[in-house]
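Structure, as structure tokens:
The values are calculated or read from the model by the stated rules, or taken from the named source; none is laboratory data. Since the model is a prediction, treat every value here as computed from it, not as a measurement. In this analysis, Cβ positions are derived from the backbone assuming ideal geometry, glycine residues included, and neighbour counts consider all displayed protein chains. Just the protein is used for accessible areas: all its heavy atoms, side chains included, with ligands, DNA and RNA removed. Shrake-Rupley method; radii C 1.70, N 1.55, O 1.52, S 1.80 Å.
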Amino acid sequence: MGGMTLSSADLPLPAGLDDVDPAYMTQVLRRAGVIAASNRVVAQTEAGVGMTAGYFSSIKKVRCTYAEATDAPTDFVVKAWPSLEIAPKDRIAAMFIKDIQGYRIAPDRFYPRPKTHLAAFDEAAGRYALVMEDVSTFATQKVHEHELTFDEVMRMIPAMVDVAVAWEGCDQGERAAELAGMEVHHWTAPANLDSFKAAMPGGARFMDRMSEMSDSPLFASGTWRARLGVTDLNARMTTRLDAFFTPTRPENGATCTLTHGDMRGDNFFFCDDRPDHPHGWLCIDFQQMFSGPVPSDLGYLLNSGTVLPEVYARESQLRILRAFYDLFMQKTRAYPDYTWDQFLNEYRMMSTIQWLYYVAYGAAIAQAGAFDNDLGMRIELGGKGATLADLPPEQIRQRMWWAKAFANFTATFEAFGLVDHLRALPENHEG
């Protein structure tokens, strides 16, 4: 598996996808030992990756034709700096570096991933690159249109536990230093929570307004007034972030491990009968890695809108949680006294992360709908009678995921008493 940081003298990194041509792919594949030094890429066909692509990089699929006959793989995915910058450069760079670092962690210490032939960056030069195998040639992507089943989630538990154990106690010692060098910080780091404090007010009131709309397909599972008995849940969470997440800090007795940070369907591929991928599933996109309590990734996965309702129903959630907890307790060395009650409480807190992303980073979409009659929320907020027929396919797909996610959030908030928990917490408007 490739992935060392490479100097510009060793292999110049591309400024963008246009630089990744047959000559460049030849250099990458020779250096990674994929093709012989005498072989070269003479041509390549390219394609996009569709609507599952991220927003903070440019991505293309590449199929290579070689000068010499070889049994080397021909299909690759390439990521480089985005052609359209929708966030400040320093934030895009930080996310790209995290993503690259995720592919460079030793395979026995992190999640199963595609084979990676180049994972490198030169921050000073503003160059970033990933070249990996195209797993879509043999694996099925669990896109949001086809939610994960109970059995598929259970299939993921052993590897998720192994990662939690590999990085347990990473708030201290060598692991803490390693994560600091990777620019991976705890969920409660001021820079992270401050970013939510800054962004959430812009979306909270709009989200609260939509959560009362009984005629909105986004809340077809029931409004939050009807299901949760509250009309200001988003605004309420916005002013209680500090109190809500204080118990997740290691200095306050919380567990700590490394997380993927974006465990949702579009980022998973399932495969069978692959000796080179024995877990039977793979994941991609590590740009939102953070350290946090042991059930953080499980909380994100089960509240991502990309698992079936039968999976996030309370009894099913508890079965999955119990399976994870029991296996973790068999393997942990750092937390032998970790109780089921603490595990459940940490899960309840960390199961809100996907929701916070909706409120904070969905703010721009909500505002565009309300003020400009634009983007996917203009149906609810634009006031000019927009319907699904007026939206492009990308926005229709977003709304499909939003509707599933809101139903998912509602079920978990209801089952785990989020409203009552928030009601007891003090407000803090600082920041």
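Points worth noting:
- Remark: the Asp272-Asp21 segment gains 87.1 nm on full extension, using 0.36 nm per residue and subtracting the alpha carbon distance.
- Within the accessible area of the chain (1.4 Å probe), percent carbon and sulfur: 51
- Charge sum, other residues only, whose C-beta stays under 15 Å from Met154's C-beta, Lys/Arg counted +1 and Asp/Glu -1: -4
- Other residues lying with their Cβ under 11 Å from the Cβ of Ala235 contribute a combined charge of +1, Lys and Arg counting +1, Asp and Glu -1.
- Mean sequence separation of contacting Cα pairs (under 8 Å, at least six apart), scaled by the length of the chain, corresponds to a relative contact order of 18 percent.
- At a probe radius of 1.4 angstrom, the accessible area of the chain per residue rounds to 42 square angstrom.
- Taking a Cβ cut-off of under 15 Å around Gly383, the surrounding Lys, Arg, Asp and Glu residues balance to a net charge of -2, with basic ones at +1 and acidic ones at -1.
- Here the stretch 72-144 is assigned +1 on the Cβ of each Lys and Arg and -1 on the Cβ of each Asp and Glu. Its dipole about the Cα centre then comes out at about 180 debye.
- Projected label points at Asp90 and Ile396, each 7 Å from Cα along the beta carbon direction, are separated by 4.2 nanometres.
- What you get for the chain, charging only the Cβ of Lys and Arg (+1) and of Asp and Glu (-1), is a dipole of about 280 debye around the Cα centre.
- For Leu422, the accessible area of its heavy atoms, probed at 1.4 Å with every protein chain present, is near 0 square angstrom.
- Stretching the chain fully between Asn192 and Arg109 yields a gain of 27.4 nm (0.36 nm per residue, less the alpha carbon separation).
- Loop GluC sites (Glu not before Pro), the stretch 14-116 (other Cβ atoms within 10 Å of the site Cβ: 10 or fewer; DSSP): none
- Projecting label points 7 angstrom from Cα along Cα→Cβ for Ala67 and Arg155 puts them 4.2 nm apart.
- Unsatisfied cross-links (Cα-Cα over 29 Å) in the set Lys79/Lys142; Lys197/Lys384; Lys60/Lys384; Lys61/Lys384; Lys89/Lys384; Lys60/Lys197: Lys197/Lys384; Lys60/Lys384; Lys61/Lys384; Lys89/Lys384; Lys60/Lys197
- Kirkwood estimate for the stretch 253-315, i.e. one over the average of 1/r between Cα atoms, Å: 13.1
- Estimated 222 nm signal from helices in the chain, with DSSP H stretches of n ≥ 4 weighted -39500 (n - 2.57), rounded to 500: -12000 deg cm²/dmol
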